[in-house]
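Participant: The following block contains the structure, expressed as structure tokens.
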Amino acid sequence: MRKLLLLFVAFHVSAICLAQVKVQYLQTENAVNPICIDALNPRFSWQLDAGDKRGVMQTAYELKVSSAKGKHEAWKTGKVSSDQSMYIIYKGEPLASGQKYIWQVRVWDNAGKASAWSEPASFGMGMLNAADWKAKWITPGFVEDSVNRPSPLFRKGFSLNKKVASAMVYITSHGLYEAQINGKRVGDAFLTPGWTTYNKRLQYQAYDVTGLLQPGANAVGATLGSGWYRGHIGFSNQKNYYGKDIALLLQLEVTYTDGSTETIVSDESWKSSTGPVRFAEIYAGATIDNRMQVKNWSTAAFDDKSWSGVMVKDYTKNTLVATVNEPVRKHETFKPVKIFKTPKGEEVIDFGQNLVGWVQMKVSGNAGDTIRLSHAEILDKPGNFYTDNLRAARAQDIYVLKGGGEETFEPQFTWQGFRYIKVEGYKKDLNAADFTAIALYSDMKPTGTFTSSNDMINKLQHNIQWGQKGNFLDVPTDCPQRDERLGWTGDAQVFSRTATYNMNVHNFFAKWLKDVAADQYKSGSVPHVIPDVLGNDKNESGGSTGWADVSVIVPWNMYVAYGDKQILENQYSSMKAWVKYMENHSKNDLWNTGGHFGDWLFYSVNDDTDGSSAITSKYLIAQCFFAHSTQLVINTAKVLGNKQDEDYYTALLARIKKAFVNEYVTPNGLISSDTQTAYVLALEFDMLPENLRQQASDRLANNIRRYGNHLTTGFLGTPYLCHVLSRFNHVDVAYRLLLQDTYPSWLYPVKMGATTIWERWDGIRPDGSLETPTMNSYNHYAYGAIGDWMYRVVAGIDTKEEGPGYKQIIIKPTPGGNMTNIEADYNTTYGKVSSHWKIDGGNLLMHVEIPANTTATVYIPAANATGITEKGVALSSAPGVTMANESATGYVAVNVGSGVYDFSTAKP
Ligand code: BGC
């Protein structure tokens, strides 16, 4: 009996534990256990795991932070009544440079139950003051070959005489660096220190290298590449944009088990030489000569007597900042899907996917044998290797063998965008096992998946995701292959919301936006590319509508997607400066000056005698974006509680819209550019009075029909096209566009075999010929912006702007387009949100998942609530489901909290 009782108690206790909410996924500054941040008041976030329990909310939290050393308490909140689980701002004692901190949190749920304390999480503080840097900037002590600029090697031997408890190395460079300790690579990041506005902000990285050190003799080394700093960058063959020098700054902090410390720094005692990397440029590729390998150069045993010394430079350390975004790392690998000879006789390998990174090659041969790997995205019409569209980018890695056994080559300090490689100089038959393509991109967490019953749409989604992988390489680039690879602002702006669905781009954009602000011209104009390598304050190269608006649109999109108010605070003056620029350049509130890219790459025909090109006035577009950015500044002013700004910009916005209607709209609502983009922008940004909107959207729908259900929009109209159609009751037309597979359309490239998103709607023409090589990238994410509509409208996952970051979720699926099944899953800041819908006979089944500590309004496509069930129960009696006040034509809206829901209704 006693035994039974004990068993009962044990069962009961464990059942209570199971029912308890759990705190998990602790993040500091949006990263799990970051080892080097320099935010003086870091922000803490966590997720609640409540299983599939319905309606679980957090009602209070308690958080404590202590220093790892000495377990000294740095901050304790006590119990705070709040449902906030994101971005709790640290308000404890000042955090110290180089120190590690541990924190834990527990929460109370709305049943009054406390969770257990979370597992401890940690964060490390970086160098908070320039004076913390004891290291000196060093450059090679030999005269560089100024033509090829081979990669210098730097090294230093040192000894550690006590037992090491922990060690951290802080590194940055002018140019790119890779470091080694005792012959082993430090970390797994590539292309470090990444690309920022170097003259104002230079990121350093920290690595925990405890495991690389050994008792007694040690050595540390680093090799540098020209990279963005001084390599060729931009399309006008310019180099040395940030300076001619290539330099290293390295500080190794060792803590012994007895608590004492030792610091090894780059300084005049280091040695320098060169090694196998004889040349490395981003566009051109790398030349690696294995005969020049310096064996064991970063080990203690190496004799560096014959090496040169180094020069110490007094370059500034005031611009150094800790790294905010995830580093570039290796990701997917691809084996050859085909090895073949082209009609021209070229030996070519097809990896089956247009990707960004490089090829690892294994080979054996004789000393001096030289192998060239050239990269291409496509084959031309006859099937030959095609590189004309790479323009001046050589995109070729050259490998020289040292002989005497198998050698493995990978390039350094470069990357290429390619699906195919051409191999020259390889003396044997090409063997698939010896070639591996490796994808490299910023290590953002994947967050979203979208699959449907339509295979072509699934391929489109694949292409959108690969467009993102290929072009989110430390900065959002336009393309990864030709002599550009620049942070084009327009492209980033149009794709930014889609990007948030596929991957966690929070820190990626937070970092880049700092460079947007840093590079913004004094006039408020925003450069075309960030980091800006095309202009300067005197010779402004920017201010293009839809491009410069990146400074406003991306911060707002990040706020909406991640609920991070700090991004708005940080960017606010930059956002306002851009709107001020437009205001200053407008007359009577009409902005119709300046140079603009307009609706870039819209549908146009070579011989436009029938007037079918879809040309939208650039100034009309400019007025729309002037209004849109002003609206977003109003929204931001509201979020930040700045009533004065809110009033000022609200009045300005009314005048901008009035000026638009006066200038571009007839009394009956015909817009002077009678194009899809004109209607799309006017409707999306609410430029027209209410009474003209429906008929304007009808004109849009008719325009699309006139083009045989084709879109004609370019970069600026495309992202909003389907949104406007679905908002104004033309869902059927939106689906026809989505499913259209003849040019111009999203599925046309898919039909032509694309594995990424193309820059142009007709990169490969229907007859197999190619668009002009002067501008024809096959990996340009901009048109992938349709992904946002797929997640947000087709699957229907969105956030309310008043509950940003998916604190208040909207689930509003839009069946149509003969789709029978849609599954979208999205890891939001609070946890997983799912919206699946399925046509099952005469029923529409909806599967919805909502994470703890959020609420959702779910719109069920139905005329009324009768007949809707949730897990087989009538809607009115479904637990945790209440009728919502919101309504939308054709939907029944209900409110739910966390949990898993399965709704069934008659097929619409
Ligand atoms: C880039 C872009 C960019 C455009 C500006 C191109 O060369 O690749 O995508 O936005 O120039 O119009």
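The values are calculated or read from the model by the stated rules, or taken from the named source; none is laboratory data. Bear in mind the structure is a predicted one, so any value in this text is a computation, not a measurement. Note that we place each Cβ from the backbone using ideal geometry, even for glycine, and neighbour counts take in every protein chain shown. Heads up: the accessible areas ignore ligands, DNA and RNA and are worked out on the full protein's heavy atoms, side chains in. Shrake-Rupley method; radii C 1.70, N 1.55, O 1.52, S 1.80 Å.
Participant: Aspartates and glutamates near K335 by alpha-carbon distance under 13 Å, same-chain residues fewer than 8 away left out - which ones?
Facilitator: Correct list for K335: D350, D434.
Participant: Relative contact order (percent) for region 448-791, with alpha-carbon contacts under 8 angstrom and 6 or more residues of separation?
Facilitator: Dividing the mean separation by the residue count of region 448-791 yields 20 percent.
Participant: List the DSSP H helices in the chain whose Cα atoms stretch 30 Å or more along the helix axis and whose mean Kyte-Doolittle hydropathy is at least 0.0. List each step's numbers first, then the result.
Facilitator: On the way: long enough: 618-639 (31 Å, 0.61); 643-664 (31 Å, -0.79).
Membrane-span-like by this criterion, though nothing is claimed about a membrane: 618-639.
Participant: When only Cα pairs under 8 Å and 6 or more residues apart are kept, what is the percent relative contact order across region 48-101?
Facilitator: After rounding, I find 34 percent.
Participant: Determine how many Å³ per residue the convex hull of the Cα atoms of region 448-791 encloses.
Facilitator: Dividing the Cα hull volume of region 448-791 by its residues yields 133 Å³.
Participant: What is the gain in length, in nm to one decimal, between E119 and A432 on full extension, counting 0.36 nm per residue of separation less the C-alpha to C-alpha distance?
Facilitator: On the way: separation 313, 0.36 × 313 = 112.68 nm, distance 4.58 nm.
Separation in residues times 0.36 nm, less the Cα-Cα distance, equals 108.1 nm.
Participant: What does the charge count near E73 come to, summing +1 for each Lys or Arg and -1 for each Asp or Glu among other residues with Cβ under 11 Å from its Cβ?
Facilitator: +2
Participant: Quantify, in whole percent, the carbon and sulfur part of the accessible surface of region 2-124 (1.4 Å probe; protein heavy atoms only).
Facilitator: 59
Participant: Now for a separate question. What is the diffusion coefficient of region 754-899 in µm²/s, taking the Kirkwood radius over Cα pairs and the Stokes-Einstein relation at 20 °C with a viscosity of 1.002 mPa s?
Facilitator: My calculation gives 124 µm²/s for D.
Participant: Can you tell me how region 764-844 classifies by the Cα gyration tensor, rounded, prolate or oblate, using a/c under 1.5 as the rounded cut? Please list the in-between numbers first.
Facilitator: Working: a/c = 3.55, a/b = 1.60, b/c = 2.21.
Verdict is oblate for region 764-844.
Participant: Quick one: plug the Kirkwood hydrodynamic radius of region 634-769 (C-alpha pairs) into Stokes-Einstein at 20 °C, 1.002 mPa s, and report D in µm²/s.
Facilitator: In µm²/s, the coefficient rounds to 129.
Participant: Here's something else I'd like to know. Note down the net charge around R201, summing +1 for each Lys or Arg and -1 for each Asp or Glu among other residues with Cβ under 11 Å from its Cβ. Provide the component values of the computation, followed by the final result.
Facilitator: Details: positive: K200, K511, K514; negative: D515, D519.
Cβ neighbours under 11 Å give a net charge of +1.
Participant: Quick check for you: with a 1.4 Å probe and neighbouring chains kept, what is the accessible area per residue of region 326-366, in Å²?
Facilitator: Values: 1750 Å² over 41 residues.
Using a 1.4 Å probe on heavy atoms only, each residue of region 326-366 averages 43 Å².
Participant: May I ask which of K134/K200; K271/K427; K239/K511; K69/K313; K317/K522 have a Cα-Cα span longer than 32 Å here?
Facilitator: The pairs that break the limit, which is 32 Å between Cα atoms, are K271/K427; K69/K313.
Participant: Follow-up question, since we're still on this one. Pull up the DSSP beta bridges for region 799-906 and report the antiparallel fraction as a percent, rounded to 5.
Facilitator: Bridges in region 799-906 are about 90 percent antiparallel.
Participant: Which value, to two decimals, describes the C-alpha radius of gyration of region 303-462 once divided by 2.2 N^0.38 Å?
Facilitator: This ratio for region 303-462 stands at 1.32.
Participant: Could you check the spin-label model distance between H847 and E262? Points 7 Å from the Cα along Cα→Cβ, value in nm.
Facilitator: Result: 5.8 nm between the two label points.
Participant: Is there a quick way to get the dipole size of region 795-896? I mean about its Cα centre, with the Cβ of Lys and Arg at +1 and of Asp and Glu at -1; what is the value in debye to the nearest 20?
Facilitator: Dipole size: approximately 100 debye.
Participant: Given a 1.4 angstrom probe, what's the average accessible area per residue across region 184-253, in square angstrom? Don't jump to the answer; show the numbers that get you there.
Facilitator: On the way: 2230 Å² over 70 residues.
Per residue, region 184-253 has 32 Å² of solvent-accessible surface.
Participant: Please give the per residue accessible area of region 448-791, computed with a probe of 1.4 Å over protein heavy atoms only, in Å².
Facilitator: So region 448-791 comes to 30 Å² accessible per residue, rounded to a whole number.
Participant: Between region 624-688 and region 510-538, what is the C-alpha centre distance in whole Å?
Facilitator: 25
Participant: Could I get the Rg over Rh figure for region 513-609? Both from C-alpha atoms, Rh via Kirkwood, rounded to two places.
Facilitator: 1.04
Participant: Which is farthest toward the positive dipole end of region 2-124 among L40, Y90, A68, measuring Cα position about the Cα centre, with Cβ charges +1 (Lys, Arg) and -1 (Asp, Glu)?
Facilitator: A68
Participant: What net charge do the residues around S306 carry, taking every other residue with its C-beta under 15 Å from that of S306, with Lys and Arg at +1 and Asp and Glu at -1?
Facilitator: Value of the local net charge: +2.
Participant: At a 1.4 Å probe, what is the % contribution of carbon and sulfur to the accessible area of region 188-308?
Facilitator: The nonpolar share, carbon plus sulfur, comes to 48 percent.
Participant: With a 1.4 Å probe and all protein chains left in place, how much of the accessible area of region 329-442 comes from carbon and sulfur atoms, in whole percent?
Facilitator: Working: 1930 of 4340 Å².
Within region 329-442, the accessible surface is 44 percent carbon and sulfur.
Participant: Going by Cα centres, region 136-199 and region 824-856 are how many Å apart?
Facilitator: 47
Participant: Can you find, among A280, I246, Y229, the residue farthest towards the positive end of the dipole of region 212-317? Put +1 on the C-beta of Lys and Arg, -1 on that of Asp and Glu.
Facilitator: It is A280.
Participant: Related question: Nearest 5 is fine: what % of DSSP beta bridges in the chain come out antiparallel, could you say?
Facilitator: Of all bridge pairs located within the chain, approximately 95 percent are antiparallel.
Participant: Using Cα-Cα distances under 8 Å and only pairs 6 or more residues apart, what relative contact order does the chain have, in percent?
Facilitator: So the answer I get is 10 percent.
Participant: Tell me, what is the FRET efficiency for T59 and N584 to the nearest 0.05, using R0 = 45 angstrom and their Cβ-Cβ distance as r?
Facilitator: FRET efficiency, T59 to N584: 0.40.
Participant: Still on this structure, please answer the following. Only four residue types carry charge here, +1 at the Cβ of Lys and Arg and -1 at the Cβ of Asp and Glu. Report the dipole size of the chain about the Cα centre in Debye, rounded to the nearest 20.
Facilitator: Values: 89 positive and 90 negative charges, 360 e Å.
Charge dipole, the chain, about its Cα centre: 1740 debye, nearest 20.
Participant: Ok, one more. For the chain, what number results from the quotient of the Cα radius of gyration and 2.2 N^0.38 Å?
Facilitator: That works out to 0.99 for the chain.
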